[in-house]
Amino acid sequence: MAAEVKLLSRNFGSPESWTLSSYERAGGYRTAVKALRMDPAAVTEEVKQSGLRGRGGAGFPTGMKWGFVPKDSNSPKYLCVNADESEPGTFKDRYLLELDPHQLIEGIVITSWAVGIHRAYIYVRGEFGLPYHRLQAAVDEAYAKGYLGPRSFGTAFDLDVTIHRGAGAYICGEETGLIESLEGKPGRPRIKPPFPAVVGVFGGPTVVNNVETLSAVPWIIENGAAAYRSYGTEKSPGTKLFSVSGPVARPGVYEVPLGLPLKTLVYDLCGGIRGGKAMKANIPGGSSVPVLTREEAEGADLDYESLAAAGTMLGSGGMIVIDEETCMVRALSTLMKFYAHESCGQCTPCREGTGWLRGLVARLEAGGGSPADMDKILSITNRMIGTTICVLSDAAAMPAASFVTKFRGEFERHVGAGRCPFRSDPLLAGAARRQDHA
Amino acid sequence: MQPFERSDPAHDPTLRDPCPLRRLGHPLAFSAEEEDRIERLLSRYPTREAAILPMLWMIQDRHGWIPEEAVSLVAERCGVPPSHAYGVVSFYTMFRREPGGRHQLQICTNLSCQLMGAEHLLDCLRRRLGIGPGETAADGLFTLNEVECLAACEMAPVVQVDDEFHGPLDDRGLGELLDGLRARAAKEGRI
């Protein structure tokens, strides 16, 4: 459809798009050859000019991140590719890994050349079967062709790429948790500073970039920063992959220019809500960002600044659409169970806070809460934001605070009725069935 | 009468070795092919410790789970104390510390799947298998687990069978999926 702009996802529909021959037929790896003839600083500068921002969730400018790595380092530098996609509602990196792994490898080659890196690790989520096998096959093909390994593309540049499988821990998607895990430890995030760009994995300066971020690099170097900036907005240039899930007619991955009205994505591209129902709420950037009401969502545009102005975040672009029949207390209860399960436990506000939020929301959902619980939840979330080593604590607190603030009436109805008003009463349901038989 | 002879570990190999895998005749030492892979693995990282996760995966891929003895073996190869390796194994949810069924069924009940009916699908799974999350069916074919988001939300509600995603699933689709797995196992003479 017209609203889509396929830069990173242009090969998704090609036959066997994940193979080297398919990628090269579409012009793949020519940009890596071009980049290897460029001055590394010029490659970084082009990415800086493009305005590309980290697509994993934080939205930090990519070129600037590369620039933080010291040029003259005594210890080896590393690239860590974050393919540990596990933010609830997010599945776009899975598509990039399954359908175009060579585009990612080309991005890794160009990035490593720009920053002066000779060893890259791709940290792949443990649950990913097909993406892992396709990526491994692609890396093997690239080695066999001499694109990876010593003298990459016949130049004097050496680059080794190793795929490293995670083993089931949301926290390893946090960049320092990922680094710890890669070193063979439990994935407990590190205190910053030092930032990974200065002291990262194995004690060396390290760039940690998301799959989607690196997959955008070849297009930018091939077509130039100005061409990339012709899409999106002034402050949020380019395109972004959105993963849309929930009760929409056509859930899936959509690449659109940043700044697209949220309504266009939900109602046009995804075909609106199933069964002619209305949208009640929208979580635009993965489960960790504040929820939007229908009115807020319908007025928002999908870029970093517009969503910040609406009181939420673009995050990973993992959009969860919630329809009018959904109980918001139940939805929050599910999310709180997740964060309590995934807290690594090293910071007290997060370890205790996520447990309290899970308990309080579950009790409210079951109809056993008290009128003071909503304020208690808000008070707990206040103490969880900005008080811990990493942002998992904030990631639990932000949805909790926004659900309670924006849908307080639903929470109060649970307390008032002593049960969930969205669940049909089993006794009444039984009576209705008996009437049907009569 | 020699009342203590049977329980004397020196005379009964099944009691001498507490590891159920070795009692079943699986050697816990690495095979020659695995030794080659370990050498290659160690060459990919600047520290031996970094090879812990890949080595644990190698063991789990071969045996289906990770026996305690294997953790010590990994610790030794990676030059870390066994306590450190245990700390790693127990931190990650995918490392199984006890044997399970032939197929691992993982149902996602996080928000995107819940919105599309995961709770109902879990009920269907319970009814069809006669077990709940964390349990293994009596025929040894399936172990069921409830998991967090699998990054396959467009297929919601989704069930992962070993490393394959299946979805969206309703009760009928689930029945067909389970029947297919059972038929395959029967053909291979597993049950």
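The values are calculated or read from the model by the stated rules, or taken from the named source; none is laboratory data. Not measured: the values here are computed from a predicted model. Here the Cβ is made from the backbone with ideal geometry for all residues, glycine too, and neighbour counts use every protein chain on show. For the accessible areas, the whole protein counts, side chains as well, though only heavy atoms, and no ligand, DNA or RNA atoms are used. Shrake-Rupley method; radii C 1.70, N 1.55, O 1.52, S 1.80 Å.
Odds and ends about this structure:
- Of the trypsin sites (Lys or Arg not before Pro) found in region A:1-72, those that fall in a DSSP loop while having at most 14 other beta-carbon atoms within 10 Å are A:LYS6, A:ARG37, A:LYS71.
- With all protein chains modelled, accessible area of B:ASP170 [1.4 Å, Å²]: 90
- Total accessible area lost when B and A pair, probe 1.4 Å, Å² to nearest 100: 3800
- Scanning residues 5 or more positions from A:ARG119 or on other chains, those with amide H under 5 Å from its amide H are A:LEU79, A:ASP160, with H placed 1.01 Å from N in the peptide plane.
- Between the helical axis of A:130-144 and the longest alpha-carbon principal axis of chain A there is an angle of about 0 degrees.
- Note on chain A: with a GNM built from Cα contacts shorter than 10 Å, the maximum mean-square fluctuation among A:GLY271, A:GLY315, A:GLY187 falls on A:GLY271.
- Protein accessible area in region A:87-195, 1.4 Å probe - carbon and sulfur %: 56
- Using θ = phi - 60° and Karplus 6.51 cos²θ - 1.76 cosθ + 1.60, couplings along region A:103-108 (whole Hz; Gly, Pro as x): 4, 5, 4, 4, x, 5
- Projected onto planes of every orientation and averaged, the convex hull of the alpha-carbon atoms in region B:56-180 covers 8.0 nm².
- Taking trypsin sites (Lys or Arg not before Pro) across region A:192-289, the ones in a DSSP loop with at most 14 further Cβ atoms lying within 10 angstrom of their Cβ are A:LYS235, A:LYS277.
- Rg/Rg_globular for the protein assembly as shown, with Rg_globular taken as 2.2 N^0.38 Å and Rg from C-alpha atoms: 1.00
- Whole-Hz ³J(HN,Hα) from phi, Karplus 6.51 cos²θ - 1.76 cosθ + 1.60, for region A:397-407, glycine and proline x: 6, 5, x, 4, 5, 6, 4, 5, 5, 8, 10
- Max mean-square fluctuation residue, GNM over chain A, Cα-Cα springs under 10 Å, options A:SER86, A:SER370, A:SER288: A:SER370
- Accessible surface of B:GLU176 - all protein chains present, 1.4 Å probe, nearest 10 Å²: 110
- Among the listed pairs A:LYS71/A:LYS240; A:LYS240/A:LYS263; A:LYS277/A:LYS406; A:LYS337/A:LYS376, a Cα-Cα separation exceeding 22 Å is found for A:LYS71/A:LYS240.
- DSSP bridge analysis restricted to region A:168-300 gives an antiparallel fraction near 90%, rounded to the nearest 5.
- Cα-centred dipole magnitude for chain A, charges only on beta-carbon of K, R (+1) and D, E (-1), debye, nearest 20: 460
- Here the Karplus relation 6.51 cos²θ - 1.76 cosθ + 1.60, evaluated at θ = phi - 60°, turns the backbone of region B:77-83 into coupling constants of 5, 8, x, 10, x, x, 4 Hz, with x for every Gly and Pro.
- Relative contact order, percent, region B:33-96 [alpha-carbon distance under 8 Å, six or more residues apart]: 31
- Contact order for region A:131-237, expressed relative to its length and based on alpha carbon pairs under 8 Å spaced 6+ residues apart, stands at 10 percent.
- Taking the Cα centre of region A:76-119 as reference, the dipole from Cβ charges on Lys and Arg (+1) and Asp and Glu (-1) amounts to some 260 debye.
- Cα centroid of region A:209-256 to Cα centroid of region A:39-61, whole Å: 13
- Here A:TRP66 sits with roughly 10 square angstrom of accessible surface, probe radius 1.4 Å.
- Per residue, region A:251-308 exposes 29 Å² of solvent-accessible protein surface, assessed with a 1.4 angstrom probe and all protein chains in place.
- Dipole orientation for the protein assembly as shown: of the candidates B:PRO81, A:PHE157, A:GLY200, A:GLY200 has the Cα lying most toward the positive pole (charges on Cβ; Lys, Arg +1; Asp, Glu -1).
- By average C-beta atoms within 10 angstrom, highest first, the peptides B:152-160, B:101-109: B:152-160, B:101-109
- Alpha-carbon spread of region B:54-122, three principal axes, descending order, Å: 47, 23, 16
- Net dipole in debye of region A:1-61 [+1 Lys, Arg Cβ; -1 Asp, Glu Cβ; about Cα centre; nearest 20]: 40
- A Gaussian network model of chain A, with springs between Cα atoms under 10 Å, assigns the largest mean-square fluctuation among A:ALA227, A:ALA417, A:ALA395 to A:ALA417.
- Near the amide H of A:GLY259, within less than 5 Å, lie the amide hydrogens of A:LEU302, A:ASP303, all on another chain or at least 5 residues away, with H placed in the peptide plane.
- Among beta bridges that DSSP assigns inside the protein assembly as shown, antiparallel share in %, nearest 5: 50
- Farthest toward positive dipole pole in region A:33-145 [+1 Lys/Arg, -1 Asp/Glu at C-beta], among A:GLY89, A:LEU130, A:ALA35: A:ALA35
- Our note on the geometry: Cα centres of region A:285-322 and region B:94-128, 29 Å apart.
- Nearest 10 degrees, 0 to 90: helix A:373-384 Cα axis against chain A principal axis: 20
- For A:LYS65, a cut-off of 18 angstrom between C-alpha atoms picks up these lysines, skipping any fewer than 8 places away in its own chain: A:LYS48, A:LYS77, A:LYS192, A:LYS235.
- Percent RCO, i.e. relative contact order, over chain A, from Cα pairs under 8 Å lying at least 6 residues apart: 16
- Eigenvalues of the alpha-carbon gyration tensor of region A:207-339, scaled by 5 and square-rooted, set the equivalent ellipsoid semi-axes at 27, 16, 13 angstrom, largest first.
- Residue-averaged 222 nm ellipticity for the protein assembly as shown, from DSSP H runs of 4+ at -39500 (n - 2.57), nearest 500: -13000 deg cm²/dmol
- Between region B:26-91 and region A:347-382, the alpha-carbon center distance in angstrom: 40
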